[in-house]
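Trainee: Please see the structure below; I have some questions.
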Amino acid sequence: MPKIELKRVQEDYGFEATDEYGNTVRMDSSPQSGGKDFGVRPMQMLLMGLAGCSAIDVISILKKQRQEVVDYKMVVNGDREPNVEPSLWKDINIEFHLYGDIDQEKAQKAADLSVGKYCSVAATLVKAGADIKYQVFVHPTA
């Protein structure tokens, strides 16, 4: 079972979370709630987790298809439910930007498989009511 340890390291809301391998992430509340921009907001971390999970899937699928991924970038935007507590992610938009000698159809299929089947973070967010939409952009390299 994975283990996360969280400890306060800066003022009221500055935390560091460490996994069982020693990897650390900094978290903080928003400045409007008393935070000091020490780290990522926990809800933003969910979007980061979605990006990381899906990126691993997409690159793994494309490597198996012998596609040459030279570079990779994602842009993830989200809107949360207004005026409710807790305020969950409602609409999430993802842009996959793949660079290299990559077939557009294979890239699209890899994203489809990731978001719709393999990415546990995407499945968790969808079960919580989020609507995830995405676009795939392939940028050939010279």
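Only the coordinates and a few stated rules stand behind these numbers; no lab work does. Small disclaimer: the values here were computed from a predicted structure and weren't measured. As a convention, Cβ positions derive from the backbone with ideal geometry for all residues, glycine included, and neighbour counts pool all protein chains shown.
Trainee: Of the listed values (1) 11, 33, 32, 19, 5; (2) 11, 42, 38, 9, 0; (3) 14, 50, 32, 5, grab the one calculated as P(r) over Cα pairs in 10 Å bins from 0, in percent from the structure here.
Mentor: (1)
Trainee: Can you give the alpha-carbon Rg of segment 61-107 over 2.2 N^0.38 Å, where N counts its residues?
Mentor: Working it through for segment 61-107, the quotient is 1.69.
Trainee: Would you look at the GNM of the chain, springs on alpha carbons closer than 10 Å, and say which of Val69, Val121, Val25 moves the most?
Mentor: So, out of Val69, Val121, Val25, the one fluctuating most is Val25.
Trainee: Roughly what % antiparallel, to the nearest 5, for the DSSP beta bridges in the chain?
Mentor: Taking every DSSP beta bridge within the chain, about 70 percent pair in antiparallel fashion.
Trainee: Let me have the 222 nm mean residue ellipticity of the chain computed from DSSP H runs of 4+ only, each contributing -39500 (n - 2.57), with the sum over all residues rounded to the nearest 500.
Mentor: Per the formula, -9500 deg cm²/dmol.
Trainee: Right, here's the next one. Between Asp71 and Glu11, what's the calculated FRET efficiency when r is the beta-carbon distance and R0 is 35 Å? Round to 0.05.
Mentor: 0.40
Trainee: Explain nothing, just compute: Karplus ³J(HN,Hα) = 6.51 cos²θ - 1.76 cosθ + 1.60, θ = phi - 60°, for every residue of segment 121-138 in order, whole Hz, x for Gly and Pro.
Mentor: Result, ordered by residue: 5, 4, 4, 5, 5, 5, 5, 7, x, 6, 9, 9, 10, 8, 10, 10, 10, 9 Hz.
Trainee: Name the long-range amide H neighbours of Arg80: under 5 Å, sequence gap of 5 or more, or other chain; modelled H, no Pro or chain starts.
Mentor: Lys90
Trainee: Moving to a separate point now. What distance in nm separates the two pseudo spin-label positions at Lys3 and Ala128, each 7 Å out from Cα along the beta-carbon direction?
Mentor: 2.5
Trainee: Obtain the nm distance between the two label points defined at Lys117 and Tyr99 by a simple spin-label model: each point lies 7 Å from its Cα along the Cα-to-C-beta direction.
Mentor: 2.9
Trainee: Right, another one. Under a GNM of the chain (C-alpha, springs under 10 Å), which listed residue has the highest mean-square fluctuation: Ile94, Ile132, Ile56?
Mentor: Ile56
Trainee: Sorted from fewest to most neighbouring beta carbons within 10 Å, what does the list Met1, Met27 look like?
Mentor: Met1, Met27
Trainee: Further question on the same structure: Helix 42-64 versus the longest principal axis of the chain: what is the Cα-based angle in degrees, 0 to 90, to the nearest 10?
Mentor: 20
Trainee: Would you mind checking Lys63/Lys127; Lys90/Lys127; Lys90/Lys133; Lys73/Lys127; Lys109/Lys133; Lys64/Lys109 for any pair whose Cα atoms are more than 21 angstrom apart?
Mentor: Correct reply: Lys63/Lys127; Lys73/Lys127.
Trainee: What angle, in degrees between 0 and 90 and rounded to the nearest 10, separates the Cα long axis of helix 104-113 from the longest principal axis of the Cα atoms of the chain?
Mentor: Taking the Cα atoms of the chain, the angle to 104-113 is about 40 degrees.
Trainee: What ranking do Leu62, Leu88 get, fewest neighbouring Cβ atoms within 10 angstrom at the top?
Mentor: Leu88, Leu62
Trainee: Related question: For a quick check: sort Phe137, Phe96, Phe38 by the number of other beta carbons within 10 angstrom, fewest at the front.
Mentor: In order of increasing Cβ crowding within 10 Å: Phe137, Phe38, Phe96.
Trainee: Quick one: which residues, 5+ away or cross-chain, put their amide H under 5 Å from the amide H of Gly14? H built at 1.01 Å from N.
Mentor: Val9
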